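The values are calculated or read from the model by the stated rules, or taken from the named source; none is laboratory data. Nothing here was measured: the structure is a model prediction, and the numbers come from that model. Quick reminder, even Gly has a Cβ in these numbers, built from the backbone with ideal geometry, and neighbours come from all protein chains shown. Only protein heavy atoms, including side chains, enter the accessible area calculation; ligands, DNA and RNA are left aside. Shrake-Rupley method; radii C 1.70, N 1.55, O 1.52, S 1.80 Å.
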Amino acid sequence: MTDSPWWKKSTVYQVYPRSFCDSNGDGIGDLPGILCHLDHIQRLGADVIWLNPIYASPNDDNGYDISDYRAIMPEFGTMADFDALLREAHRRGIRILMDLVVNHTSDEHPWFREARKGKDNPFRDYYIWREGKNGGPPNNWGSAFGGPAWAQTEEGGEYYLHLFSPKQPDLNWDNPAVRREVHSLMRFWLDKGVDGFRMDVINYISKDPALPDGPLKGRWGDFAPFCVNGPRLHEYLREMRREVLRPYRVMTVGETPGVTVRDACLITSPDRGELDMVFQFEHMSLDEGERGKWCLDPIPLPALKETLSRWQTGLHGKGWNSLYWNNHDQPRIVSRLGDDSSEEKRTASAKMLGALLHMMQGTPFVYQGEELGMTNTPLPGIGDYRDIDTLNAWREWTLEGRLSPEEMLRLIRRRSRDNARTPMQWTGETHAGFTSGVPWLPVNPNHVFLNAARQIDDPDSVFSFYRKLICLRRTLEIVTEGDYRLLLEDHPLLFAYERRWRGEVLTVLCSFSSSLLAEPAAAPLLRGRELLCNYPPAEDPLVFRPYEARILLSGDTAAE
Ligand code: NOJ
């Protein structure tokens with residue numbers, strides 16, 4: 001298919017620069033550190049890198065609070081370092097996506113510094129201001145990081161909206177000047193040669209201008225009905241495509257919490273001219289409970305099967321899926337859905353989860369360390385955590401006595417975003433070869449045996465398995481193009497599906513059992529040639545070993 005966009009066959013590798021590799025010993029990862037490790041990414045076979053924000057930022061939310069969209073965060077290096085990274089990545093055939101964070105800026109951005117000066121300031125309308133009500137904020141919304149979604153710059157003054165921290169004021173996209181600024185900063189990076197954008201909470205940019213109270217969710221009202229997929233979202237995305245993106249051969253992926261399959265079809269349908277793909281959150285929310293993500297419930301397999309299958313069939317032929325298990329906001333998947341209780345189980349389940357995801361239709365995203373099967377890192381005490389969301393939740397739940405500190409720490413160790421942010425494990429040496437200084441966040445002690453150096457040349461490692469998966473995607477058209485059907489729908493421990501394309505059938509069978517699983521019902525599915533398995537050849541093909549994954553390819557007998 002010559003007219004198929006390049007990103008359909010790509011695999012994206014997500015780099016969290018702060019935790020990837022520190023080249024100058026200050027304990028913080030940086031751009032030269034990424035340059036040093038392009039070999040690793042190339043060897044894995046990923047052909048696109050998504051960089052989390054690298055712009056100037058006071059780091060209230062690790063770079064998601066930007067104070068200058070055209071400058072590099074000094075801790076990460078210089079613009080010359082960025083240019084060198086882009087050049088070298090391109091030389092190796094690796095593309096680079098930037099993180100576009102334009103739902104909000106930092107409160108230290110010059111626009112906000114001006115806007116806060118008063119109602120008559122020309123930048124005032126770059127943000128969303130309202131008078132308070134009854135001695136309090138204009139409405140009952142809570143912010144995504146806890147507490148109210150409104151703050152004042154001076155007592156008695158107007159309130160500004162911040163759906164995240166008070167240091168992340170929301171931009172007013174209904175102001176055409178704001179949209180022009182965003183278009184212009186996008187062009188700045190595109191003209192440098194970047195290959196696209198991951199767009200932070202992009203479906204929050206259009207708010208219902210009435211800003212009504214939201215339904216109560218705990219203490220605060222929920223902003224979602226009035227800010228998520230708001231009234232002018234599609235208009236703004238189409239405008240962005242028309243005004244900025246159209247002439248460039250780039251890729252766009254929107255981070256879109258709360259999207260349904262229907263919304264995603266609207267956003268990613270190629271003839272509507274919006275985005276190429278979105279990150280949906282349904283499969284990542286299946287283990288949420290009454291306290292949102294702060295609970296210990298597992299992801300239930302039947303719900304996971306139903307959800308991922310619905311997204312596969314729902315977008316087929318209409319839009320395009322992104323595929324992910326991990327990112328900088330999620331705990332490590334092998335500790336969450338796999339099994340990190342022993343080395344054998346960790347390795348087997350990490351590979352199985354990779355196989356399950358990478359053979360689906362969509363563009364896979366691998367988060368740094370996932371290709372090694374990196375696990376959660378239960379840090380010793382709350383003082384070791386750095387993530388604003390975790391620290392706010394700690395305050396909210398423990399200081400008000402709703403949970404004991406021990407209970408909350410247990411939840412944090414399982415669900416904190418810092419689980420994904422501990423430094424990349426390159427070697428078994430001090431600080432995992434991440435830094436010669438003191439790492440900004442502790443390194444997982446398991447780096448002594450779980451590290452890249454041990455895995456790269458080991459044909460049985462998680463790394464080698466991921467490498468094979470990425471290679472299969474690139475070589476087999478059926479992985480990109482085939483349709484999808486869930487098999488053994490009601491099976492409590494097997495997630496099985498098939499893909500069909502031009503007379504071929506690709507079958508994927510994944511066991512979620514931690515022990516041997518004899519399954520005669522799988523017999524009719526074991527057709528064709530085995531392309532990949534995370535175990536040596538089986539003595540009895542109807543017995544699945546713990547977390548076994550098998551990928552098979554055959555001719556389509558039904559079609560013959
Ligand atoms: C989503 C990002 O992935 C997350 O890390 C950040 O805190 C929020 N958006 C706010 O920008």
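Values for this structure:
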read-out: Prolate/oblate/rounded label for region 108-253 (Cα gyration tensor, a/c 1.5); value: prolate
read-out: Loop-located trypsin sites (Lys or Arg not before Pro) in region 230-278 whose Cβ has at most 11 other Cβ within 10 Å (DSSP); value: 249
read-out: Sequence-distant lysines (8 or more away, or on other chains) whose Cα lies within less than 17 Å of residue 217; value: 293
read-out: For q = 0.18, 0.26, 0.28 Å⁻¹, Debye-computed log10 I/I(0) when each Cα of region 61-115 counts as one equal scatterer; value: -0.71, -1.08, -1.15
read-out: Total formal charge among the other residues, if their Cβ is under 13 angstrom from that of residue 151, Lys/Arg +1 and Asp/Glu -1; value: -3
read-out: Ranked by how many other beta carbons lie within 10 Å on average, peptides 540-551, 511-522 from highest; value: 540-551, 511-522
read-out: Electrostatic dipole magnitude of the chain [Cβ: Lys, Arg +1; Asp, Glu -1; Cα centre; debye, to 20]; value: 880
read-out: P(r) weight above 29 Å for region 1-156, C-alpha pairs, percent; value: 36
read-out: Degrees between helix 176-192 axis and first principal axis of the chain (Cα, 0 to 90, nearest 10); value: 50
read-out: P(r) weight above 35 Å for the chain, C-alpha pairs, percent; value: 37
read-out: Three-way shape call for region 411-560 based on the alpha-carbon gyration tensor, with the a/c threshold at 1.5; value: prolate
read-out: Set 119/192; 8/318; 345/468 screened for pairs whose C-alpha atoms are more than 25 Å apart; value: 119/192
read-out: Per residue solvent-accessible surface (Å²) - region 482-555, probe of 1.4 Å; value: 45
read-out: Interatomic Cα distance distribution for region 482-555, bins of 5 angstrom, percent; value: 4, 17, 29, 28, 15, 7, 1, 0
read-out: Segment residue 382-residue 457, length gained on full extension (0.36 nm per residue, minus Cα span); value: 23.3 nm
read-out: Carbon/sulfur fraction of accessible area - region 482-555, other protein chains in place, 1.4 Å, %; value: 55
read-out: Region 380-441, accessible area per residue, ligands and nucleic acids excluded (1.4 Å, Å²); value: 43
read-out: Neighbourhood net charge (13 Å Cβ-Cβ; Lys/Arg +1, Asp/Glu -1) for residue 305; value: -2
read-out: Selected from 508, 531, 482, residue furthest toward positive end of dipole (region 482-555; charges at beta carbon); value: 482
read-out: Difference of contour (0.36 nm per residue) and Cα-Cα distance, residue 121 to residue 542; value: 144.4 nm
read-out: Net dipole in debye of region 482-555 [+1 Lys, Arg Cβ; -1 Asp, Glu Cβ; about Cα centre; nearest 20]; value: 300
read-out: Rounded tilt (10° steps) of 462-475 against the dominant C-alpha axis of the chain; value: 90
